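The values are calculated or read from the model by the stated rules, or taken from the named source; none is laboratory data. As the structure is a prediction and not an experimental result, all values here were calculated from the model. We place every Cβ from the backbone using ideal geometry, glycine too, and count neighbours over all the protein chains shown. With ligands, DNA and RNA removed, areas are computed over all heavy atoms of the protein, side chains included. Shrake-Rupley method; radii C 1.70, N 1.55, O 1.52, S 1.80 Å.
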Amino acid sequence: MDSERTIPAVSNDVWVFVEQRSGKAADVSFELLCKSHKLAQVMGGAVKSVVIGHQVKELAEETFRYGADEALLIDHPGLKQYRTLPYSRTLINLVRQFNPRIVLFGATIIGRDLAPRVASATRSGLTADCTDLQIADISYLRKEYKQLLLQIRPAFGGNIIATIITPDNPIQMATVREGVMEMHAQESSRKGTLTSIPYIPDELDEVVAIIEQHREENHVNLKAAPIIVSGGYGLRSKENFKLIHELAHVLGGEVAGSRAAVDAGFIPHERQVGQTGVTVRPKLYIAVGISGAIQHRAGMQESNKIIAINTDPDAPIFGISHYGIVGDAMEVLPRFIEVYKNKLK
Amino acid sequence: MYHSIVLVKQVPDTANITGNVMQEDGTVNRSKLPAVFNHEDKVALEIALQIKDTYGGTVTAITMGPPRASDILRECLYMGADRVYLISDRKFAGADTLATSYVLSEAIKKIGTFDFIFAGRQAIDGDTAQVGPQTAEKLQIPQITYVEEIRSVENGTVTAKRKIDGGFEIIRCALPVLLTVVKDTAEPRSFKAKRVMTYKGARSLMEIEKLVEGNSLLSVDALVHEYESRSLFIKTLTMDDLHLDLVRCGVHGSPTKVYKVESVVLNSGEHEHVEPTKAGIGKLIDKLMEDHILG
């Protein structure tokens, strides 16, 4: 590095590590860019996307539409697939060189593999699995702080919501759960600066080799479904769960389930809604036989309209529902299906 | 022959939170929660023991925590660990993952050479999954996280199957390496009765200090020596033993702070009650159609 160059001690820049697989960005990266755009407006800083891979220039340019003002592009055949050492070394060097104020990662397996190494090397604060981010002026231990990043996350098995801050450190890092931030592309004419950063391979990288890789495209796209009918342990059996499928079919929706329903084998994990599953925000979410533990609510409470069907009138799910039906699903669901079919006639 | 170090943690049992654990201000009363051996760390110990069973070598379990964390070190001995270390000092209290990984990495350097470091993917009290990779970075060694299966260990390399988003990959890596394992990787073995009999009397420095307290006939040094001679001393590393930089430990070394905690509040009772009858459901469907939610 040129020591003559003056480097700002702290910038107001918000960085997003753009996670890609075979040149396609993970949704969460675009979600984070949209959020960062809002955060950076408050802070008066710029949004920078960090795109690491091979032949990913187009992807770097695509990030402008989601809010990036500048894309830092590191493109090299040795970076084609995610590997911990070359990716972390690259990002560590960039952070040291440019001193971003905030660095965000998706809380995916890649993000959770990469972010701790970067934070460890740069001695930055890192908060895992955030579900919300805000910028605020706060007072902490009788000191005033301007424009701190509030990192909000469930803690203690989801029983509490904690707000974490990184008050006295120049760099604030966080991983953020998929699906909790809204994503919308801006007009395609939005342009930014593309900055190519050279990559120097290191022989140490070769101590790790990927022998084979298997990835199945997820055929279920709960996130995009406008109507979701979701069943819980209250359905009591896989046989009874068929009614969930039937109602979903009649309404033109997708089938989902709570963790308890997945654990009981009523439905595969790829259809699980909640903290350890997918976060959804459909037009209509019908929760059947789901008590509404915080872990489940975290994955669906942003739904536009929620109908809860449960035998227990005190089930927490009613607390976040718009419509509540107290009754046995085995009676309510057939009635719902019959009445709806009649209305369509 | 392979030498493994296993990072273990004692955690509050967050899976079994009951009414009196949550306080009125929304915080958690940790003292009301039973402290347990973090399950994925137990799985990590099991994997290390399996490698020892197959290829020979040693297994060393280490934990950073308050004196009561000796409980899980005794459990490590019951399962088959050769050596255990308690890393404990009041100055380590309040550490976030960065400060924890600093102390752990310095302790590992002190303990000696190793081929493997194993850890659970994450601990159930924070679910961060950060300490493993942060420690690997500080030791400048590679890592394989989310390991589901150890395929083979040969010629100074390990081949492992790890989870990736939407699938899995097979990775080969030269030793030394840090691996974090998920819960299905192995079923932890049960305690060996003979080892329980032998090691239930194992004590750490702080536990021995407590024995000596108020008994003028005993001296800490003499007692430590006696426990050591019977292989019942839980090696204890404090701030002074590790020559650490104070500003990188505990609260001082932790850039992240908890600003506030809130219990999850439900705005209950705001929903519209719908009768479970055909008429009630019919009205609801009409309303949803009117609002263009159902079509």
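Against the list (1) of a type in the set (S, T, Y); (2) within 14 Å of chain A (Cβ to nearest Cβ); (3) out of contact with any Gly (no Cβ under 8 Å at 6 or more places or on another chain); (4) crowded, with 17+ Cβ neighbours inside 10 Å, the condition B:T180 fails is (3).
How many residues does the range A:26-59 hold that are in a strand (DSSP E or B) and either outside the structural domain of A:T131 (by TED's automatic domain parsing) or in contact with an Asp or Glu (Cβ under 7 Å, 6 or more places away or on another chain) (or both)?
Initially, the range A:26-59 is screened for residues in a strand (DSSP E or B), giving A:47-53.
Remaining after also requiring either outside the structural domain of A:T131 (by TED's automatic domain parsing) or in contact with an Asp or Glu (Cβ under 7 Å, 6 or more places away or on another chain) (or both): A:47-48, A:53.
Within the range A:26-59, residues that are in a strand (DSSP E or B) and either outside the structural domain of A:T131 (by TED's automatic domain parsing) or in contact with an Asp or Glu (Cβ under 7 Å, 6 or more places away or on another chain) (or both) number 3.
Taken over the range A:245-273, the criterion of being hydrophobic (A, V, I, L, M, F, W, C) and either within 21 Å of B:D127 (Cβ to Cβ) or part of a strand (DSSP E or B) (or both) is satisfied by A:V255, A:A256, A:A260, A:V262, A:V273. Mind listing just one residue for me: the one in the range B:10-38 that is exposed (fewer than 15 other Cβ atoms within 10 Å of the Cβ) and assigned to a helix (DSSP H, G or I) and, of those, modelled with the highest pLDDT? This residue is B:K32. Looking at A:R259, A:R236, A:R215, just one residue is among the basic types (K, R) and within 22 Å of A:V180 (Cα to Cα), and that residue is A:R259. All conditions in (1) at the interface with another protein chain (Cβ under 7 Å from one of its Cβ atoms); (2) touching a Lys or Arg at 6+ places or on another chain (Cβ under 7 Å); (3) open to solvent by 10 Å² or more (accessible area, probe 1.4 Å) hold for A:I161, with the sole exception of (2).
Looking only at residues of the range B:116-164 that are basic (K, R) and either more than 8 Å from chain A (Cβ to nearest Cβ) or part of a strand (DSSP E or B) (or both), we find that the one that is surrounded by the fewest Cβ atoms within 10 Å (Cβ to Cβ) is B:R151. Look at (1) under 27 Å from B:L179 (Cβ atoms); (2) part of a strand (DSSP E or B) and you find that A:S139 fails only one, number (1). Tell me, yes or no, whether the range B:76-89 has at least one residue that is touching a residue at least 12 places away in the same chain (Cβ under 8 Å) and within 14 Å of another protein chain (Cβ to nearest Cβ). No, because not a single residue in the range B:76-89 is touching a residue at least 12 places away in the same chain (Cβ under 8 Å) and within 14 Å of another protein chain (Cβ to nearest Cβ).
Within the range A:321-345, the residues that satisfy the criterion of being in contact with an Asp or Glu (Cβ under 9 Å, 6 or more places away or on another chain) and either facing another protein chain (nearest Cβ under 8 Å) or not in a helix (DSSP H, G or I) (or both) are A:S321, A:H322, A:Y323, A:G324, A:I325, A:V326, A:G327, A:K343. Might you let me know whether the range A:274-288 holds any residue that is surrounded by fewer than 17 Cβ atoms within 10 Å (Cβ to Cβ), in contact with a Leu (Cβ under 9 Å, 6 or more places away or on another chain), in the same structural domain as A:M330 (by TED's automatic domain parsing) and part of a loop (DSSP other than H, G, I, E, B)? Looking through the range A:274-288, none of the residues is surrounded by fewer than 17 Cβ atoms within 10 Å (Cβ to Cβ), in contact with a Leu (Cβ under 9 Å, 6 or more places away or on another chain), in the same structural domain as A:M330 (by TED's automatic domain parsing) and part of a loop (DSSP other than H, G, I, E, B). Scanning the range A:223-238 for residues that are under 23 Å from the mean Cα position of the chain (by Cα) and either outside the structural domain of A:H269 (by TED's automatic domain parsing) or over 12 Å from A:L333 (Cβ atoms) (or both) yields A:K223, A:A224, A:A225, A:P226, A:I227, A:I228, A:S230.
Within the range A:127-158, track down each residue that is under 16 Å from the mean Cα position of the chain (by Cα) and within 7 Å of another protein chain (Cβ to nearest Cβ).
Initially, the range A:127-158 is screened for residues under 16 Å from the mean Cα position of the chain (by Cα), giving A:127-134, A:151-154.
Once the filter is applied, which keeps residues that are under 16 Å from the mean Cα position of the chain (by Cα) and within 7 Å of another protein chain (Cβ to nearest Cβ), the range A:127-158 yields A:T127, A:A128, A:D129.
Selection of the range B:90-107 for residues being open to solvent by less than 40 Å² (accessible area, probe 1.4 Å) and within 14 Å of another protein chain (Cβ to nearest Cβ) yields B:A95, B:D96, B:T97, B:L98, B:A99, B:T100, B:S101, B:Y102, B:V103, B:L104, B:S105. Do you know which residues across the range B:236-295 are under 27 Å from B:K91 (Cα atoms), in a helix (DSSP H, G or I) and open to solvent by less than 60 Å² (accessible area, probe 1.4 Å)? Passing the criteria: B:M239, B:D241, B:L242, B:R248.
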